[in-house]
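Visitor: For reference, the structure I am asking about is given below.
A short reminder: the numbers here are calculations on the coordinates, not readings from a lab. Worth saying up front: this structure is predicted, and the values here are computed from it rather than measured. Cβ placement follows ideal geometry from the backbone for every residue including glycine, while neighbour counts extend to all protein chains displayed.
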């Protein structure tokens, strides 16, 4: 991976360590599914192609499962205690991506066709439902004195995720200007639910299973939520300026879809002249061609939207670090969590 400065950004070793710990249980869980959603899940995770042949296609980076393991180690419990939680959040994340691609009409995901494009919309909806059910079953099966509390945390996070996704859908039909236009605070509230809730949940499910003190659980939850906001800000940057060779999606993809993302909303708030030009390019309801998308990206950058979003991501990563350092967590796991937080700023840029 390279950063936006062109320098190689090393993948934190903790991501691979956590993946090795969690993957056997994740594989076992996926194998328990009906053959159709099993195939589609394996495809979505990058384990096989659409015909079921093993492949080396890149899957996700495993951020959420790593948060589950490291959060557990941070409260002094063994990482393997978090495996059911890590599997559950990875399944929920995959479910959310499968359904998100359907809603957004995205045909590509991680350098291959999205699940609905490869298998059809109906099977993709069914697969998402199967993953959600499997996630709950996996976490409930962890048992122990705190299993019920962990399931409640997951259910609450899922409710927030759906709320945020609904807001994101509604934003598409909202006007670009006027009293009903989407503002930055409203957008960030959506991102806190759509992306932040699951990362916050990921960081605390293992500690909850371990019976960690409320002070530590609260700090880890807030750190995860802050990372979620940083993650979404960087995603928004990638949706405009990400390299297709690394993102697996076309350049300027969010602009082509006229999405109201943080860099665009910031540019409009910072520069009224830029706002008028962007409304002309993105607000007509007509398809945005490659030339118009290129012009829109240049306007957003010149107006300061790109730097605003990057600075926003930096600020949320700094807040996550502060949350982790403010309470008595295990030093090594905390350092690894901070390293992952820093890594999120440069992923695929």
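Visitor: With N set to the residue count of region 79-235, report its C-alpha Rg divided by 2.2 N^0.38 Å to two decimal places. List each step's numbers first, then the result.
Guide: Numbers: Rg = 16.7 Å, N = 157, 2.2 N^0.38 = 15.0 Å.
Here the answer is 1.11, to two decimals.
Visitor: Could you line up 99, 163, 34, 316 from fewest to most neighbouring Cβ atoms inside 10 Å?
Guide: Working: 99 21, 163 15, 34 11, 316 28.
Lowest count first: 34, 163, 99, 316.
Visitor: Kindly express, to the nearest 10 degrees and within the range 0 to 90, the angle between helix 121-140's C-alpha long axis and the longest C-alpha principal axis of the chain.
Guide: 40
Visitor: Mind running the shape call on region 168-214? Use the C-alpha gyration tensor, a ≥ b ≥ c as the square roots of the eigenvalues: rounded below 1.5 for a/c, prolate if a/b tops b/c, oblate otherwise.
Guide: Prolate shape, in that a/c is at least 1.5 and a/b is the bigger ratio.
Visitor: Springs between alpha-carbon pairs under 10 angstrom, Gaussian network model over the chain: which of 56, 114, 319 fluctuates most?
Guide: So, out of 56, 114, 319, the one fluctuating most is 56.
Visitor: To make sure I understand, if each residue's beta carbon is the centre and we count other beta carbons within 10 Å, what order do 18, 48 fall in, fewest to most?
Guide: 48, 18
Visitor: Tilt of helix 35-44 relative to the longest C-alpha principal axis of the chain, in degrees (0 to 90, nearest 10)?
Guide: Approximately 60 degrees, to the nearest ten.
Visitor: Give me the Debye-computed log₁₀ of I(q)/I(0) at q = 0.20 Å⁻¹ for region 24-107, equal point scatterers on Cα only, no solvent, two decimals.
Guide: Those come out to -0.96, one per q.
Visitor: Counting other beta carbons within 10 Å of each residue's own, what order do 53, 306 fall into, fewest first?
Guide: On the way: 53 7, 306 21.
Final ranking by Cβ density, sparse to dense: 53, 306.
Visitor: Given the C-alpha centroids of region 260-280 and region 33-102, what is the distance between them in whole angstrom?
Guide: The distance from the Cα centre of region 260-280 to that of region 33-102 comes to 36 Å.
Visitor: Quick check: from the Cα gyration tensor, does region 1-149 come out rounded (a/c under 1.5), prolate or oblate?
Guide: Oblate is the answer for region 1-149, as a/c is 1.5 or above yet b/c matches or exceeds a/b.
Visitor: Here's something else I'd like to know. Angle between the Cα long axis of helix 63-74 and the longest principal axis of the chain, 0 to 90 degrees, nearest 10?
Guide: Roughly 50 degrees between the two axes.
Visitor: Here's another thing I want to ask about it. What ranking do 176-183, 222-229 get when scored by the average of other Cβ atoms within 10 Å per residue, highest first?
Guide: My ranking of the peptides, most packed first, is 222-229, 176-183.
Visitor: Order of 195-207, 286-298, 118-130, 234-246 by packing, highest average Cβ count within 10 Å first?
Guide: The densest-packed peptide leads the list: 195-207, 234-246, 118-130, 286-298.
Visitor: Additional query: Report the relative contact order of the chain, percent, no decimals, based on alpha-carbon pairs under 8 angstrom and at least 6 residues apart.
Guide: Numbers: 571 pairs, mean separation 69.8, N = 349.
Relative contact order, the chain: 20 percent.
Visitor: Mind putting together the pair-distance distribution for region 158-307? All Cα pairs, 5 Å bins, whole percent per bin, short to long.
Guide: 2, 10, 17, 19, 18, 13, 8, 6, 4, 2, 1, 0
Visitor: For residue 245 and residue 172 in one chain, what is 0.36 nm times their gap in residues minus the Cα-Cα distance, to one decimal in nm?
Guide: Numbers: separation 73, 0.36 × 73 = 26.28 nm, distance 2.72 nm.
Working it through step by step, the gained length comes to 23.6 nm.
Visitor: Can you give me the P(r) profile for the chain? Cα pairs, bins 20 angstrom wide beginning at 0, each as a whole percent.
Guide: Each 20 Å bin holds this share of Cα pairs: 31, 59, 11.
Visitor: Just subtract the alpha-carbon distance of residue 145 and residue 184 from 0.36 nm times their residue separation and send over the number in nm, one decimal.
Guide: On the way: separation 39, 0.36 × 39 = 14.04 nm, distance 4.16 nm.
Working it through step by step, the gained length comes to 9.9 nm.
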